[in-house]
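Reading through the structure tokens given below for one structure.
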Protein chains: 2
Amino acid sequence: MRKIKELGEFGLIQHLTSSLNFRASDSILGIGDDCAVYPVKSGMKEVISTDALVEDIHFKLSTTTPEALGRKALSVSLSDIAAMGGTPKRVLVTLGLPERVSLLFLDKLYSGFNEICNQFEVELAGGDTVSSPKCFFINIAVIGEAKRVFTRKGAKPGDLIFVTGTLGDSSLGLKLIGKKIKGGKDNKFLINRHLDPTPRVKEAGILARSKLDITSMIDISDGLVQDLYHICKASNVGARIYQDRLPQSPEFARTCGKNSISPLPLLLNGGEDYELLFTLPADGAKKLTRQFLKAKVFVTQVGEIALKPRKVLLELRDGTMKTLPESEGFNHF
Amino acid sequence: MRKIKELGEFGLIQHLTSSLNFRASDSILGIGDDCAVYPVKSGMKEVISTDALVEDIHFKLSTTTPEALGRKALSVSLSDIAAMGGTPKRVLVTLGLPERVSLLFLDKLYSGFNEICNQFEVELAGGDTVSSPKCFFINIAVIGEAKRVFTRKGAKPGDLIFVTGTLGDSSLGLKLIGKKIKGGKDNKFLINRHLDPTPRVKEAGILARSKLDITSMIDISDGLVQDLYHICKASNVGARIYQDRLPQSPEFARTCGKNSISPLPLLLNGGEDYELLFTLPADGAKKLTRQFLKAKVFVTQVGEIALKPRKVLLELRDGTMKTLPESEGFNHF
């Protein structure tokens, strides 16, 4: 295997990008010039976002594989586009590389990128590859398109609150990594939900194409409560959620049970589930459920939007109400 | 002054972005949601690129100011858009922050971003701010638009080769930083050309709006010869340039003279000038010169494209020819 040094900057870029095989049918110019060039589609909106992953802050090389890391780096960015009801179209990948990162590692990382690009028909349109002796980082900029966009602002009192999929799997998976906790297959599922999350691009597409009046949407990266606070603040409303409606995977429920782990904190505050959290007026609920059932997508109503107080309240199983605190976000500073 | 830790991630983002004052008149949604949202302009092409700067590789905090760093980080990205004949429209900024970077530093960095955003009417549309304990990095993703794009491919034998501005200033400036070399005002000019380059957005706009048949274009980031090789390889042609036509600033010429520095290597291989290098058929030369003169933009014909050999040749002052070697790029690995 050749070494990165021998390839040089241009050789490395050529080597890595030669393995990519999804190419947008309408791209005017892909990798290899100063910029990538695309036509704009009249009537569409452009949706853009960026996300960085830093070694030992967002991932550990000892607990993930380069393929999973590549998939996750793209998936979390695609999730931001999905959160707006958009379709991701292209990504720009920046790699900051210490010398210890090998060419073999990068090949596997790109194989992960390639899988997600193929799965979601996203083109890796360019990037930058730089030396970064002291830390390994990945930055993804993503560009998508949308006919209509769903923002955090717009939730109205009386709207119902929905989440796709199940909650807490990712944070429980993170707890399990490297620990000797009973579980077998369940552990594998949960850890995988953390290391290799699925961006809800398909689900966002269903919502965008539906005639449903989605009043607000976000992806759950900081945890259900935190992200619901984002919606409440932007929409100037409050919310009430119900303990017994928070969707759990069987794997999550079994693992919490077997190991005496309290599920509620994980369901409420566990981050990185990358499920969609959205609101719509009550009269749309039936149609939503029907459409998601047809598409075999799991969706749960977890609560409703309230005018006051401008807080997120939790109704516990015994009927008592609790005001949930807002965190400052994932404060890694 | 408050500390970054006290602000938290969301507080920090709000604090920093509150100082920005350029906002695109057509933006649908700026900073503050999962993505920024823009309308697409029918008939235009989208031009995208990304660039990372890593401390001690691309900049040193001991030799630049935070304001200049902010300006340069954006300028080098805007230069990529200019290199395609595009107009930069919006940027996404990722900051990887070690604890030692203070809020005051970030305020000044953002003041530099803000200056460039205002000068070039570019919106800082979003980004990501992450903890990066071991290294400070900045990643800029830039999105521009273009009616027609100028790529590296398309130079034809007989085309004339032009550069905007002057060559070698930035690399001479880099040499001068921290050294006790005679110069005064000249040193300041040259160092400034390195620390605070001007992206040739205005010049690219003139070329794009002109009816000139620009056959290829690139910005000079790796040095004249290296970037000319990029054009030659992409266009499958060779090139001949002339020693006595390479444009020097008076400051460059005087500083080289006074300090017995050989100017030629810097003119040929000095990187980071961020001038435009482009080709066009000979019959367009007069019109080009007239248009640039009118706009008070300095442009010089430095050579011409040749069919063979597929090399960059230099005609020295004494008439002898020399084949210039191609480097592997700025090999920082």
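The values are calculated or read from the model by the stated rules, or taken from the named source; none is laboratory data. The structure presented is a predicted model; accordingly, all values stated were derived computationally and were not measured. Reconstructed Cβ throughout: ideal geometry from the backbone, glycine too, with neighbour counts over all protein chains shown.
See the values below:
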| read-out | value |
| --- | --- |
| Flag for A:Lys5 being over 29 Å from B:Ser132 (Cα atoms), among the charged types (D, E, K, R) and facing chain B (nearest Cβ under 9 Å) | no |
| Residue that is nearest to the other protein chains (Cβ to nearest Cβ), among those in segment A:113-148 that are surrounded by 24 or more Cβ atoms within 10 Å (Cβ to Cβ) and farther than 21 Å from A:Thr65 by Cα | A:Ala141 |
| Options B:Lys296, B:Lys311; residue that is assigned by TED's automatic domain parsing to the domain that holds B:Ser221 and on the phi > 0 side of the Ramachandran plot | B:Lys296 |
| Filtered residues of segment B:72-120 (kept if closer than 21 Å to B:Ser27 by Cβ and without any contact (Cβ under 8 Å) to a residue 40 or more places away in the chain) | B:Gln119 |
| Those residues of segment B:47-62 which are of a type in the set (Asp, Glu) and touching a Ser or Thr at 6+ places or on another chain (Cβ under 7 Å), in sequence order | B:Asp51 |
| Test result for A:Arg310, at pLDDT below 95, away from chain B (no Cβ under 14 Å) and touching a helix residue (DSSP H, G or I) at 6+ places or on another chain (Cβ under 8 Å) | yes |
| Residue in segment B:131-154 that is free of Cβ contacts under 8 Å to residues at least 60 places away in the same chain and either among the small types (Gly, Ala, Ser) or within 22 Å of B:Ser18 (Cα to Cα) (or both) present | yes |
| Residue list for segment B:77-101, restricted to those being over 15 Å from B:Ile138 (Cα atoms) and in contact with a Gly (Cβ under 9 Å, 6 or more places away or on another chain) | B:Asp80, B:Ile81, B:Ala82, B:Met84, B:Gly85, B:Gly86, B:Thr87, B:Pro88, B:Lys89, B:Arg90 |
| Scan of segment A:258-271 for residues that are at pLDDT 95 or above and crowded, with 24+ Cβ neighbours inside 10 Å, ordered by number | A:Leu266, A:Leu267 |
| Check on B:Leu53, touching a helix residue (DSSP H, G or I) at 6+ places or on another chain (Cβ under 9 Å) and assigned to a loop (DSSP other than H, G, I, E, B) | no |
| In segment B:275-325, the residues that are of a type in the set (Phe, Trp, Tyr) and assigned to a helix (DSSP H, G or I) | B:Phe292 |
| The lone exception for B:Phe292 - which of (1) touching a strand residue (DSSP E or B) at 6+ places or on another chain (Cβ under 8 Å); (2) modelled with pLDDT of 95 or more it fails | (2) |
| Residue match in segment A:185-201 (condition: in the same structural domain as A:Leu313 (by TED's automatic domain parsing), in contact (Cβ under 8 Å) with a residue 24 or more places away in the chain and at positive phi) | no |
| Test: residue in segment A:93-104 that is within 14 Å of chain B (Cβ to nearest Cβ), more than 21 Å from the chain's Cα centre (by Cα), among the basic types (Lys, Arg) and under 18 Å from B:Ala52 (Cα atoms) | no |
| Verdict on A:Lys182 being free of Cβ contacts under 8 Å to residues at least 60 places away in the same chain and either more than 19 Å from A:Val163 (Cβ to Cβ) or among the charged types (D, E, K, R) (or both) | no |
| Residue that is farthest from A:Ala125 (Cα to Cα) [pool: residues in segment A:144-156 that are in a loop (DSSP other than H, G, I, E, B) and aliphatic (A, V, I, L, M)] | A:Ala155 |
| Every residue from segment A:25-62 that is more than 7 Å from chain B (Cβ to nearest Cβ), in contact (Cβ under 8 Å) with a residue 12 or more places away in the chain and farther than 22 Å from A:Asp107 by Cα | A:Asp26, A:Ser27, A:Gly43 |
| Those residues of segment B:63-87 which are within 10 Å of chain A (Cβ to nearest Cβ) and either under 25 Å from B:Gly8 (Cα atoms) or not in a loop (DSSP other than H, G, I, E, B) (or both), in sequence order | B:Ser77, B:Ser79, B:Asp80, B:Ile81, B:Ala82 |
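Rundown of residues vs (1) under 25 Å from A:Asp186 (Cβ atoms); (2) not aliphatic (A, V, I, L, M), yes/no style:
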residue	(1), (2)
A:Lys233	no, yes
A:Ala239	no, no
A:Pro263	yes, yes
A:Leu266	yes, no
